[in-house]
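Before any comments, here is the structure.
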Amino acid sequence: MSQARVPRRDFRVLTRRRGGYDGAVMVDVQLQVAATGALVWAQTFSDEAQADAFQTELAQDLEVLEDADFRRKYGVPSSA
C-alpha cells in the first residue's frame, strides 16, 4: 500500500512581521516551495491574531491534507 503524498514534503510556511502605516504591524504568511524557496503566494494581515490563526491552519493542513486537496484549498497551481 502506498502512502499518500502530503504537501509538507513540497512546501513550507514562512511568517514575517513588518511595520505598516502609523506604527501598525503587518504580518505576511507565505507559502514557499521547500526545495527552492520560490514564493507560491503570500497573504498579508493587519490583525496578528488572524494571521496566527491562518498560519496555524495552513501548517496543520500541510501535515494532514493530501496533496491534491491542499492545492485545491489554497489555490496552489500544479506547476508549483
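The values are calculated or read from the model by the stated rules, or taken from the named source; none is laboratory data. Given the structure is predicted, the values throughout are model-derived calculations rather than measurements. Ligands, DNA and RNA are excluded from the accessible area calculation, which covers all protein heavy atoms including side chains. Shrake-Rupley method; radii C 1.70, N 1.55, O 1.52, S 1.80 Å.
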Q) For the Cα atoms of the chain, what angle does the longest principal axis make with the long axis of helix 48-64, in degrees from 0 to 90, nearest 10? A) 10
Q. What is the set of long-range amide H partners of F11 at a cut-off below 5 Å, with H atoms built 1.01 Å from backbone N?
A. A34
Q) A35 to R18: extension gain in nm, 0.36 nm per residue of separation minus the Cα-Cα distance? A) 3.6 nm
Q: Provide, as a two-decimal number, the C-alpha radius of gyration of the chain over 2.2 N^0.38 Å, N being how many residues it has.
A: 1.19
Q: Could you look at the chain and say what percent of its accessible area is carbon and sulfur, using a 1.4 Å probe and all protein chains?
A: 48
